[in-house]
Each structure stands twice: as structure tokens, then as C-alpha cells.
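The structure appears right after this line, and notes come after that.
Each reported figure results from applying straightforward, stated rules to the coordinates on display, with no laboratory input. Fair warning: this is a prediction, and the values are worked out from it, not measured in the lab. We place every Cβ from the backbone using ideal geometry, glycine too, and count neighbours over all the protein chains shown.
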Amino acid sequence: MAQRWVATDFGGLDVFRLVEVEVPPPGPGEVTIEVRAAGMNPADYKHVASGTDRSLLPVPVGYEVSGVLTAIGPDTEIASGGGAVGDAVLAFRVSGGYATALTVPAKDVFALPERLSFAEGANLLLAAATAAEMLQVVDAAAGETVLLHGASGAVGVSVLQQAGLLGIRVVGTASEERLDEVRWFDGIPVRYGAGLTDRVRALAPDGVAAALDAVGTDEAIDVSLELVDDPQRIVSIAAFGRAAAEGYQVIGGAMPASKAYRDAARVRLITLAGTGALVVPIARTFPFDQARRALELLSGGHPGGKLALVP
Ligand SMILES: NC(=O)c1ccc[n+]([C@@H]2O[C@H](COP(=O)([O-])OP(=O)(O)OC[C@H]3O[C@@H](n4cnc5c(N)ncnc54)[C@H](OP(=O)(O)O)[C@@H]3O)[C@@H](O)[C@H]2O)c1
């Protein structure tokens with residue numbers, strides 16, 4: 001038996017429950033992972049908060065994990081090749097990652113680079129693949145300056161690092177307390193809040209070529225539309241409501257084009273993390289049974305880095 005967090009209803013954090021489940025043995029093309037860290041992302045609680053289709057209840061929670069292989073299906077290799085019982089791995093995208101063990105498709109399982117802790121490995125891919133796609137859909141190019149909303153967040157920090165590798169200059173927003181984090185990752189920090197447009201203009205007098213929104217506030221969208229001439233060079237991962245009317249792009253892991261792009265990006269991103277070119281700042285880990293406390297911190301909007309549940 002394993003333990004697993006599920007949402008027994010749609011709503012706030014009180015609908016999350018810890019339950020006992022059987023872990024099925026892996027069939028062909030599957031492996032079983034004993035979870036050492038469950039990565040946490042805002043989507044974990046957001047899709048429970050906004051869900052309506054009751055036929056989906058109870059909802060599994062969590063999209064990425066790291067751990068150790070405990071069983072491998074017949075004639076099965078993991079996505080990075082080979083794979084043996086005892087190997088350290090990471091998996092993305094999975095369903096129900098808040099679990100002590102789970103059986104998942106081997107095509108979504110990769111060897112964990114030695115350099116990464118379990119908490120880092122479990123938090124690498126959702127944020128990094130999103131960040132990579134944001135840069136790609138706005139055609140950000142070497143030598144350009146772009147504006148990034150939420151540069152101190154998990155996705156933001158990954159954008160900063162990946163943009164740096166591509167030679168793209170980033171003016172990145174953060175709270176006063178987290179401006180140093182943006183600077184640390186070679187971004188040009190700017191405080192969000194009233195007067196943001198003027199502060200960005202002062203820091204980028206030749207203008208910004210594109211804007212990437214990892215926050216979703218009206219401020220982020222308004223400032224982006226003011227500073228970027230072509231709305232197709234603005235992308236948001238959090239402000240979906242205004243996109244159709246304003247003409248900017250939105251992307252999300254459930255969209256077929258995003259899923260295809262992000263799946264294809266995984267090997268490259270794991271390789272970057274394995275060389276130390278892409279790091280995953282962990283703010284805090286929580287014991288597995290304290291998922292609700294961890295989700296409370298995450299849903300406050302300022303977790304200060306990635307969080308992980310540790311069985
Ligand atoms: N569509 C997708 O595919 C996709 C994928 C991943 C994430 N997302 C969404 O993208 C967003 C960011 O995800 P994440 O994992 O990076 O979250 P995170 O680590 O919690 O980061 C949140 C960011 O938002 C900033 N922020 C909070 N309140 C703000 C405000 N009022 N004004 C401006 N900035 C504010 C924070 O800055 P400070 O901490 O400095 O205050 C921080 O930089 C979430 O809404 C998430 O659901 C979407």
C-alpha cells in the first residue's frame with residue numbers, strides 16, 4: 001500500500017485528503033517509483049479550486065516527482081535509456097505525484113542527474129519546460145531585452161537562467177524583498193507595483209522587444225501591452241481571461257501544442273541541470289503528511305523558491 005493525497009471535492013485546501021492506495025505492478029512500458037520528493041506547483045491547488053466536473057473526483061494531485069525505481073515492467077526502458085531497480089529518477093508529467101509510491105509510464109521517467117537532490121529533481125521540469133516555451137513563443141532572440149513579470153518565482157528564475165544562456169537580457173519584476181534573487185540570476189531587477197512602466201522604461205531606454213508574464217495580474221498585462229508593440233510578442237501563463245480581446249498569447253500544459261513542446265524539451269533541460277547551467281532553488285521541504293501546510297505557503301503567492309513534499 002502507498003499513501004497519496006487527493007482532492008475529494010473542488011474548492012480550497014480543506015478538500016485535500018491523505019488516503020491509502022494500492023500501487024499496481026508495472027505493465028509493459030511502465031515503472032514503479034518509490035517517491036523521495038514530490039515537486040509542488042501552483043497548478044496543484046489551482047485545478048482543484050477551479051474544477052467543476054464531479055465525475056473526475058477524487059482528483060489526483062501533483063505533476064512531478066523524483067525517487068527510486070522499485071519495479072520495471074516487462075521489456076521496458078525509461079525515457080533516458082536503460083533503468084534498473086534502485087536507480088534514482090525523476091518523472092514528469094505524472095498524475096498524482098503527491099504519493100509515497102506510484103506506477104507511471106516509463107516514457108516520462110528520466111535518470112536523475114547526480115548533481116540534483118531529490119527535491120531539486122522533483123521540481124525541475126514543470127517550471128523549466130514552461131519557461132522554455134515562454135521564450136520560444138515570443139521568439140526571444142540573442143541581443144534582445146525582454147520584460148519578465150514574476151522573475152523571483154519558480155518559472156521566472158528558470159526563464160532568467162535560460163534567457164542568459166541564449167544571450168537575452170531580462171528586466172525582471174519582483175517584490176522589494178526578492179530583487180536580489182533576480183540580480184543573482186543575472187536579471188535586471190525592478191520592483192512590481194504602481195509606476196512599473198516608468199521604472200522599466202528607465203532600465204530599458206531602447207524598449208523591450210517582448211514580455212513574459214508569470215504572474216497574471218492586470219498590472220502585468222497592462223504594462224506589457226503598453227511597452228510591447230506587437231501583442232503576439234507577449235505571453236502569459238496565468239492571465240487567460242483577457243487574451244482573446246487583447247491579442248496576446250497564452251500557453252498551458254494541457255494545451256496540445258504546449259504539451260508537445262514541453263515533452264520534447266525535457267531531455268535538454270535535464271542535461272542543462274546536470275551540468276549546473278540550470279539550477280532549481282528550493283525554499284523549503286515539508287514532511288509528506290503536511291501537504292496542506294505546504295500548499296498554504298504556495299498559495300500565498302510568495303513561496304520564495306520551490307517546495308517539495310518528502311515522504
Ligand atoms: N500556464 C502554465 O503552463 C503554467 C505553468 C507554470 C506556472 N503557471 C502559473 O504561473 C504562475 C507562476 O508560477 P510559479 O511556479 O513561478 O509561482 P511562484 O514560484 O509562486 O512565483 C510567484 C511569482 O509571482 C510574484 N507575485 C506574487 N504576487 C504578485 C503581485 N501582486 N504582483 C506581481 N508579482 C507578484 C512573486 O513575486 P515575489 O515573491 O517577489 O512577491 C513570484 O515572482 C502561477 O500563477 C502558476 O499557476 C502556469
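Values computed for the structure shown
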| quantity | calculated |
| --- | --- |
| Rounded to whole Hz, the Karplus (6.51, -1.76, 1.60) HN-Hα couplings of the range 192-208, x for glycine and proline | 6, x, 3, x, 4, 4, 5, 5, 5, 4, 5, 7, 10, x, 8, x, 10 |
| Kirkwood hydrodynamic radius of the chain, from inverse mean 1/r over distinct Cα pairs, in Å | 19.8 Å |
| Those residues of the range 1-40 whose amide nitrogen sits under 19 Å from the label point placed on Ser55, 7 Å along Cα→Cβ | 8-10 |
| The range 40-47 - phi-based ³J(HN,Hα) in whole Hz, Karplus 6.51/-1.76/1.60, Gly and Pro as x | 10, 9, x, 4, 4, 9, 5, 6 |
| Ranked Met255, Met134, Met40, criterion: other C-beta atoms within 10 Å, fewest first | Met255, Met134, Met40 |
| About the Cα centre, charge dipole magnitude for the range 73-138 (Lys/Arg +1, Asp/Glu -1 at Cβ), debye | 140 debye |
| Charged-residue dipole, Cβ positions (Lys, Arg, Asp, Glu), the chain about Cα centre, Debye nearest 20 | 300 debye |
| Proxy reagent accessibility, fewest Cβ within 10 Å first, across Thr271, Thr52, Thr130 | Thr52, Thr271, Thr130 |
| Placed amide H near Val65: partners under 5 Å, 5+ positions off or other chain | Gly39, Ala91 |
| The range 127-250: relative contact order in percent, alpha carbon pairs under 8 Å with at least 6 residues between | 24 percent |
| Extended-chain gain in nm, criterion 0.36 nm per residue less alpha-carbon gap, Leu165 and Leu203 | 11.6 nm |
| Estimated dipole of the range 127-250 in Debye, rounded to 20 [Cβ of Lys and Arg +1, of Asp and Glu -1, Cα centre] | 180 debye |
| For the range 174-189, Karplus couplings with θ = phi - 60° (6.51, -1.76, 1.60), whole Hz, Gly/Pro x | 7, 6, 3, 5, 10, 5, 5, 4, 5, 4, 4, 9, 6, x, 9, x |
| Mean Cα-pair separation over length for the chain, i.e. relative contact order, pairs under 8 Å, 6 or more apart, % | 18 percent |
| Residue-averaged [θ]222 nm for the chain, counting only DSSP H segments that reach four residues, each worth -39500 (n - 2.57) | -9000 deg cm²/dmol |
| Highest to lowest packing among 59-67, 22-30, 170-178, scored as the average C-beta count within 10 Å | 59-67, 170-178, 22-30 |
| Simple label model, 7 Å out from Cα along Cβ direction - His47 to Ala277, nm | 3.0 nm |
| Amide H contacts under 5 Å for Ala210, placed H, 5+ residues apart | Leu147 |
| Antiparallel content of DSSP bridges confined to the chain, in %, to 5 | 60 percent |
| Ordering of 144-150, 188-194 by packing [mean C-beta count within 10 Å, highest first] | 144-150, 188-194 |
| Extension gain (nm, one decimal) between Leu225 and Leu297, 0.36 nm per residue minus Cα-Cα | 22.8 nm |
| Between the range 185-242 and the range 1-62, the Cα center-to-center distance that results, in Å | 34 Å |
| Residues in the range 270-287 that a label on Gln3 would reach, taking backbone N under 18 Å of a point 7 Å out along Cα→Cβ | 285-287 |
| Between 0 and 90°, nearest 10: helix 256-275 axis offset from the chain longest Cα axis | 90 degrees |
